[in-house]
Structure formats: C-alpha cells, structure tokens
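Undergrad: I am attaching a structure below and will ask some questions about it afterwards.
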Amino acid sequence: MKKVRKVLLYLGATIISLVGLALIFPTWTPKIDGVNSISVLEQVEINGTGHELMIRGQDKNNPIVIFIHGGPGVSEIPYVTKYQDLLEKNFTIVHYDQRASGKSYRFGEDYSNLSTDLLVKDLLALTDYISTRFNQKKVILVGHSFGTYIGIQAAQQAPEKYEAYIGIGQMSNTLESELDGLNFTIDQAKLSGNTTDVEYLQGLTEKVKSGEMLTPRQYVRKYGGAARLIDNNADIDNGLLFGPEYNLLDRIRYNRGVSYVQETLIGQAIKKPLPSIITKLDLPVYFIMGHYDYMTSTKAAKTYFDQIDANKKEFITYDQSAHYPQFEEKEKFSKWMVDSFAK
C-alpha cells in the first residue's frame with residue numbers, strides 16, 4: 001500500500017511539474033539564416049498595452065508587410081510560418097496579436113473599452129512603430145477576414161502610411177455576406193442529401209437576416225466554404241499545441257481572448273458595415289478572394305469593391321481557394337506579391 005501511495009505521489013508530482021513547465025516554457029520563432037535577416041518573437045508596448053509581434057524576413061531592408069489577423073481574436077502567429085516561407089525571401093513580414101487576442105491577452109487588464117475603433121488606433125500606432133524601427137516611410141498593409149474590417153479603416157484614415165491596402169477574405173455588407181453563406185450551406189446540404197442539416201439551416205434564415213446570428217461556421221467549413229486545399233482547423237490546433245511560438249499559458253490566453261473579443265466586436269461590425277462607412281480610399285486597393293469563400297462572401301465583396309472610389313483598384317479571384325487564398329495557393333500569392341511590390 002505504501003508503495004502504491006509513493007508511486008501515485010510521484011506521478012502526481014511529475015504531472016504537476018510537466019504542466020508547470022508547459023505553462024512557462026520559453027517561446028520563439030525559428031531562426032532565418034542571413035547576415036541581415038530577422039526572426040523575432042517579442043512583446044512591445046503599443047498604444048498603452050502589450051502587443052505580441054512576430055517579425056520574419058531574410059533581409060531587413062526588404063519592403064515591410066503588416067498582416068492583420070481575423071477572427072476576431074484568431075491569431076495566425078502559431079502556424080503561419082509554414083505558409084509564408086516564400087514571402088520571407090522578398091519581404092519583412094510582421095504579424096501581431098491584436099489587443100486582448102492571443103499572446104497579447106493580459107490577465108487582469110481592463111478591456112471594457114475594447115472596440116473596433118480602438119483596434120484601428122492600435123494598428124496605426126503599430127505602423128508608426130514598425131516604420132520607425134525599420135526606417136521605411138511606407139509599409140504594405142494586408143488584412144485577412146475580420147482583419148480587413150480594421151485594416152481598411154486604417155488605410156482610409158492614414159493612406160500616407162501605406163504603399164497599398166490588400167484585403168484577403170474582405171468583409172463587406174455583413175448581412176449580405178452571411179445570407180450568401182447560409183444559402184450556400186443549404187444548397188450544399190441539399191446536394192449531399194443531408195435533410196437534417198437542411199432543416200436546421202433553413203430554420204436560421206430569419207435570425208441571420210436580422211443580424212441576430214452569423215451563419216454557423218462549422219457548417220460553412222463542413223461544406224467547403226472555409227478551406228479547400230488546407231485543413232485550417234488542424235493548422236490552428238497543431239500550432240497552439242506543438243508550435244514554438246505558443247506555450248500552454250499562451251493557449252489559455254488565446255481561448256480567453258477569442259471568447260471575449262468575438263462577443264464584443266462582431267456586433268459592432270454588423271451595426272456598422274463597411275460600405276456604410278468607407279467608399280473612398282486614397283491609395284492602391286486590392287481585394288483577393290477565394291472563389292469558394294463563404295466565410296466572407298466573394299459575391300458581397302465584389303459588390304462592395306464596385307462601390308469603392310480609388311485611383312487604382314483590382315479585384316482578384318483565386319479559383320481553387322475558399323477563405324484562405326494566401327495559404328491555399330501560397331505560391332500564386334507569393335508570386336503576385338513579388339511581381340507587385342518587391343524591389
């Protein structure tokens with residue numbers, strides 16, 4: 001009996017030690033070789049709160065690209081390095097976890113003032129910090145999904161800071177986009193003969209029309225409206241569990257942040273759809289959409305794009321992709337970036 005008790009105590013102590021180690025295990029981003037390369041993962045005070053930055057590139061003198069993650073609250077730092085290796089050869093790539101998201105979530109910090117307007121101000125301050133740090137007057141701004149809601153407002157407010165604005169999975173009229181997504185999932189469920197899904201999704205029509213709820217993302221994913229050539233959910237899970245950029249404590253931050261910011265911010269975007277607040281931009285504008293994107297409807301994005309007044313604008317569709325064309329067809333996206341912006 002004593003031996004059993006000792007074994008149990010030993011196992012308990014071992015488990016506690018391993019969990020404790022996992023919570024505080026040091027995080028990093030893999031090194032990039034080169035005399036002028038950069039590969040850093042660090043927390044920087046931006047606009048009054050800590051923001052986690054991951055900056056990577058083979059030459060710090062290359063053009064800078066700031067990526068704005070979506071969600072809201074869904075950081076891309078844990079897994080994005082597998083998709084940006086080609087870009088790192090010609091650009092310095094900056095990712096950041098937004099206020100209250102991912103590694104930027106601070107336990108005990110007061111987020112009662114969190115708003116999309118505040119995230120726009122954070123992005124503008126971050127842009128100034130990055131431009132000064134790398135001594136470059138302008139950077140390239142890339143928003144993805146909900147990040148486009150933040151990014152296009154920053155581009156509109158301070159076009160002098162940016163070489164161009166690129167919206168991937170661009171948000172538009174949220175209600176129109178959500179109805180497109182709902183109709184897509186219903187049609188696909190009918191084609192697959194899944195009458196249970198058809199009945200459930202049809203029953204959501206009035207709630208989606210009124211803005212009371214979004215089309216359930218698990219159904220958009222199930223029927224191919226989120227990703228076609230990659231498994232994005234697996235990317236996120238593997239990155240959070242096994243990637244060097246996040247430890248167990250960071251995963252807790254991530255989960256806390258997602259639940260808080262989505263509840264707070266999604267309603268704000270529904271109340272103020274982009275076509276009602278921004279239709280003119282004083283810099284080059286590019287929308288890059290996957291043909292099968294029903295997380296942020298390509299059709300709704302094109303309608304919004306046609307309303308935008310800009311000296312230069314281009315709507316680009318990736319025929320094999322859904323909501324992640326920059327990942328699903330990374331070679332095509334990298335070539336376009338190099339052809340358009342590399343020195």
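Coordinate-derived values only; no laboratory data. Given the structure is predicted, the values throughout are model-derived calculations rather than measurements. Glycine gets a Cβ as well: all are built from the backbone with ideal geometry, and neighbour counts include every protein chain shown.
Undergrad: Report, by chain and number, residues whose modeled amide H sits under 5 Å from the one on G290, excluding near sequence neighbours (fewer than 5 apart, same chain).
TA: G169, Y318
Undergrad: Just to check I understand the Karplus step: with θ = phi - 60° and J = 6.51 cos²θ - 1.76 cosθ + 1.60, what whole-Hz values come out for the stretch 203-208, glycine and proline as x?
TA: With the stated coefficients, the stretch 203-208 comes to x, 8, 3, 5, 5, 5 Hz.
Undergrad: To check you understand DSSP bridge types, tell me what percent of the beta bridges within the stretch 28-341 (both residues inside) are antiparallel, rounded to 5.
TA: 35
Undergrad: Return the subset of K209/K272; K137/K343; K82/K137; K82/K330 for which the Cα-Cα distance in this structure is over 18 Å, preserving the input order.
TA: K82/K137
Undergrad: Divide by every residue of the chain the summed helix terms, -39500 (n - 2.57) for each DSSP H run of at least 4, and state the resulting mean residue ellipticity at 222 nm, rounded to the nearest 500 deg cm²/dmol.
TA: -14500 deg cm²/dmol
Undergrad: Non-local amide H neighbours of Y83 (under 5 Å, H modeled in plane, Pro and chain starts lacking H): which ones?
TA: Placed amide hydrogens put nothing under 5 Å from Y83.
Undergrad: Less than 16 Å apart at the alpha-carbon level, and either on another chain or at least 8 residues along: which lysines does that give for K312?
TA: List returned: K280, K302.
Undergrad: Another question, if that's okay. Across 10 Å bins from the origin, how do the percents of Cα pairs in the stretch 28-341 run, short distances first?
TA: Percent of pairs per bin, in order: 6, 28, 37, 23, 6, 1.
Undergrad: Sticking with this structure for a sec: Please give, to one decimal in nm, the separation of the simple spin-label points placed at M213 and T196, each 7 Å out from Cα toward the Cβ.
TA: So the two model labels end up 1.7 nm from each other.
Undergrad: If a/c stays under 1.5 just call it rounded; otherwise compare a/b with b/c (prolate if a/b is bigger, oblate if not). Do that for the stretch 97-248, with a ≥ b ≥ c from the square roots of the Cα gyration tensor eigenvalues.
TA: prolate
Undergrad: Output ³J(HN,Hα) for the stretch 128-144: one whole-Hz value per residue in order, computed from phi by the Karplus curve 6.51 cos²θ - 1.76 cosθ + 1.60 with θ = phi - 60°, and x for Gly and Pro.
TA: Working through the residues one at a time gives 4, 4, 5, 4, 5, 4, 9, 6, 10, 5, 10, 10, 8, 10, 10, x, 10 Hz.
Undergrad: Which one, F315, V94, A301, is farthest towards the positive end of the dipole of the chain when Lys and Arg carry +1 and Asp and Glu -1 on their Cβ?
TA: V94
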